[in-house]
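Nothing in this text is a laboratory measurement; each read-out follows from the coordinates by a stated rule. For clarity, every value in this text was computed on a predicted model and none was experimentally measured. FYI the Cβ positions are ideal-geometry reconstructions off the backbone, even for glycines, and counts take in every protein chain you see.
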Amino acid sequence: MSKRVLVAVLVVVTSVVAAVSMVWGEQLRFTVSSGGMEDVARTLQVGEELREQDIGGLSFELVRNEDGLVYFYRGRDLDGSGRGYVWSPERRVEAKHLGGPWYELVDDAHQSPSVTPLQRGAMRVGAANP
């Protein structure tokens, strides 16, 4: 095998391992942090927000209670999509259900103009944090 092919294979393998580690790492940090996040969600009054919060192993730009939905906004990733979590013990929301009162928040920067109510809420929360 040529040196160039070997380097290319090594780069691909390293990239795959890094991507898988990031996904598993985020899931693990959420699992470890969700208890503390729920404590914060239960004490946050409607309309109240906290900025620059570290809860467990996760950092949030903004945590905000909007009409009983508590948004834990992590910020934007490299492709410009907003990411975070939503705590909603009273009702289901239009997002990936993670279990119990938790949903994954993704504000896809490349989404079509049709936007769900959850994403509108996330955009309002994101807009509140310049």
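Numbers for the structure displayed
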read-out	value
Inter-label distance, nm, simple model (7 Å from Cα along the C-beta direction), ARG42/ARG91	2.3
Neighbour-count order for ASP39, ASP107, ASP79, fewest beta carbons within 10 angstrom listed first	ASP79, ASP39, ASP107
Extended-chain gain in nm, criterion 0.36 nm per residue less alpha-carbon gap, LYS3 and LEU98	29.8 nm
Proxy reagent accessibility, fewest Cβ within 10 Å first, across TYR71, TYR103	TYR103, TYR71
Theoretical gain in end-to-end length, LEU78 to THR31 [0.36 nm per residue, Cα-Cα removed]	14.6 nm
